[in-house]
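The structure under discussion appears below in the form of structure tokens.
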Ligand SMILES: [Zn+2]
């Protein structure tokens, strides 16, 4: 038996040395130390060996088995090291091919920056679906029945009706404000919430208008909110986004869902307020309309207008990005033209 053990060991050593890859080595392992391997089979013959010689044989068998296993492990490590070696004909001095890396779209970057700025002031981020209904887009926002924005010239109406609501026409949301009603209906005041997203208008496109564009709306509802607080908020946000103080001015404006309403202009960042083609030579750019939520809107959302008041701001994300980079045509941002977009990585 001793001779057979030694000859198996010799054969195993030879096979292990010859193994040129992992799978051959695995086969060698199975052939010698596997359950049906030659060493394991010898183990089973031990009971037939003379009682006196049996302990010595058993010991030797175990030693050889351990030796073979150790040799296989060592060989495996060597094979792995060899596999990661650089072959001789590989020229490390040849310039590599730069892998193409992606980047965030400038509008997304702006959106994230605003999210950061608002979150740092305790605002919650809310998302509404792109498809909404006439009820949320107009009825609950105090839009009169005959308001021109309801017409097909402005709103993309969709076939079908809002489930659960009778005769509520579906549409692509023409603005984000409907989302504020959905939010208020499911949350208890006070609110500090932002809800960015894409809105859709059936418009003729030009340098300042697109059919689908991004908006960013902010809503605060609390007791005793003043216009001054709103103005300070906007000024803070703009200085965080632009990294410097940006002068703003407020003008009165009219929107059905606010009373009173305002327009906020920021100093044109392309010309620094001197006047240029982007700001139509007035030095100011209209970036965000807003106002105090109309009592009818608060009522429609289940909030008592006698107790609560608030502040809406609707930031034109595209326009803010135009200001940030001094780009004078909004369509470029939606053109998917990589030559243009790569500049903002
Ligand atoms: Zn300008």
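Readers should treat all values here as calculations from the given coordinates under stated rules, not as data from a laboratory. For clarity, every value in this text was computed on a predicted model and none was experimentally measured. When we count neighbours, we look across all protein chains shown, and the Cβ atoms used for this are built from the backbone with ideal geometry, even at glycine.
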### Subset tally (residues that are touching a helix residue (DSSP H, G or I) at 6+ places or on another chain (Cβ under 9 Å) and either within 14 Å of residue 61 (Cα to Cα) or crowded, with 19+ Cβ neighbours inside 10 Å (or both)) for region 1-18
10
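Name every residue in region 257-277 that is touching a residue at least 40 places away in the same chain (Cβ under 8 Å) and closer than 21 Å to residue 231 by Cα, in order of residue number.
We begin by selecting, within region 257-277, every residue touching a residue at least 40 places away in the same chain (Cβ under 8 Å); these are 257-258, 264, 266, 268-270, 277.
Result: 257, 258, 264, 266, 268, 269.
With the condition being within 14 Å of the ligand (Cβ to nearest atom), I'd like the helices (runs of 4 or more DSSP H) fully within region 235-345 carrying at least 3 qualifying residues.
On the way: elements: 295-300, 317-325, 338-341.
Correct list: 317-325.
Return yes or no: is residue 198 in contact (Cβ under 8 Å) with a residue 60 or more places away in the chain, surrounded by fewer than 17 Cβ atoms within 10 Å (Cβ to Cβ) and in a strand (DSSP E or B)? Full working, then the answer.
Numbers: in contact (Cβ under 8 Å) with a residue 60 or more places away in the chain: yes; surrounded by fewer than 17 Cβ atoms within 10 Å (Cβ to Cβ): yes; in a strand (DSSP E or B): yes.
Spelling it out, residue 198 is indeed in contact (Cβ under 8 Å) with a residue 60 or more places away in the chain, surrounded by fewer than 17 Cβ atoms within 10 Å (Cβ to Cβ) and in a strand (DSSP E or B).
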### Query
Can you name the number of the only condition in (1) under 17 Å from residue 67 (Cα atoms); (2) without any contact (Cβ under 8 Å) to a residue 12 or more places away in the chain that residue 50 fails?
(1)
### Task
Kindly provide the set of residues from region 190-215 that are out of contact with any helix residue (DSSP H, G or I) (no Cβ under 9 Å at 6 or more places or on another chain) and farther than 24 Å from residue 335 by Cα, ordered by number.
190
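Regarding residue 98, is this residue part of a loop (DSSP other than H, G, I, E, B), in contact (Cβ under 8 Å) with a residue 40 or more places away in the chain and within 37 Å of the chain's Cα centre (by Cα)? It would help to see each step written out before you state the result.
Working: part of a loop (DSSP other than H, G, I, E, B): yes; in contact (Cβ under 8 Å) with a residue 40 or more places away in the chain: no; within 37 Å of the chain's Cα centre (by Cα): yes.
Against the criterion (part of a loop (DSSP other than H, G, I, E, B), in contact (Cβ under 8 Å) with a residue 40 or more places away in the chain and within 37 Å of the chain's Cα centre (by Cα)), residue 98 does not qualify.
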### Query
Of the residues that make up region 224-231, is at least one in contact (Cβ under 8 Å) with a residue 24 or more places away in the chain, within 24 Å of residue 128 (Cα to Cα) and away from the ligand (no atom under 16 Å from the Cβ)?
yes
